[in-house]
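The values are calculated or read from the model by the stated rules, or taken from the named source; none is laboratory data. For clarity, every value in this text was computed on a predicted model and none was experimentally measured. Note that we place each Cβ from the backbone using ideal geometry, even for glycine, and neighbour counts take in every protein chain shown.
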Amino acid sequence: MGVTKTDLFSNVQNEIAMAAKAFAHPARVAIIQHLLKSNACVNGDLVQELGLAQATISQHLRELKDIGIIQGTVEGSSVSYCINGLRWAEIKDQFNEIFNQFDNPTLRNC
């Protein structure tokens, strides 16, 4: 696999690409949706909610934590995860900035 030359792109472009990569797996989308709905979650709840193995859930949680969109706090022997509101707003603004640049909805098919 080739080396990605991320230094050719702006910090914002790299951040958007990393966020898009995190959203690119349906399990991570499901985790985000569950956290948004419940406003907090214990890791074990995700295993029951999604029907995936604990190790798989942990891997997806790590990907989401790496971009900062979720945060976790230790509560006894478990970790409670929630959406990081500040990071969520940053990512939302970055994507909205791109989407809002398209101002001609009549160009549906080129």
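One table, with the values for the structure above:
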| quantity | calculated |
| --- | --- |
| Neighbours by Cβ (under 6 Å, 6+ apart or cross-chain): first from the stretch 50-63, surrounded by 11 or more Cβ atoms within 10 Å (Cβ to Cβ); second among the aliphatic types (A, V, I, L, M) and part of a helix (DSSP H, G or I) | Leu50/Ala30; Gln54/Val47; Ile57/Leu46; Ile57/Val47; His60/Ala27; His60/Ile31; Glu63/Ala22 |
| Yes/no for Glu49 being in contact with a helix residue (DSSP H, G or I) (Cβ under 9 Å, 6 or more places away or on another chain), in a helix (DSSP H, G or I), within 17 Å of Ser78 (Cα to Cα) and of a type outside the set (A, V, I, L, M) | yes |
| Of the criteria (1) surrounded by 12 or more Cβ atoms within 10 Å (Cβ to Cβ); (2) within 15 Å of the chain's Cα centre (by Cα); (3) modelled with pLDDT of 90 or more, which one Gln13 fails | (2) |
| Residue within the stretch 90-97 that is free of Cβ contacts under 8 Å to residues at least 12 places away in the same chain, within 20 Å of His34 (Cβ to Cβ) and not in a helix (DSSP H, G or I) present | no |
| Test: Asn39 is surrounded by fewer than 16 Cβ atoms within 10 Å (Cβ to Cβ), of a type in the set (S, T, N, Q) and at pLDDT below 85 | yes |
| Condition met for Ala20 (touching a Leu at 6+ places or on another chain (Cβ under 6 Å) and not aromatic (Phe, Trp, Tyr)) | no |
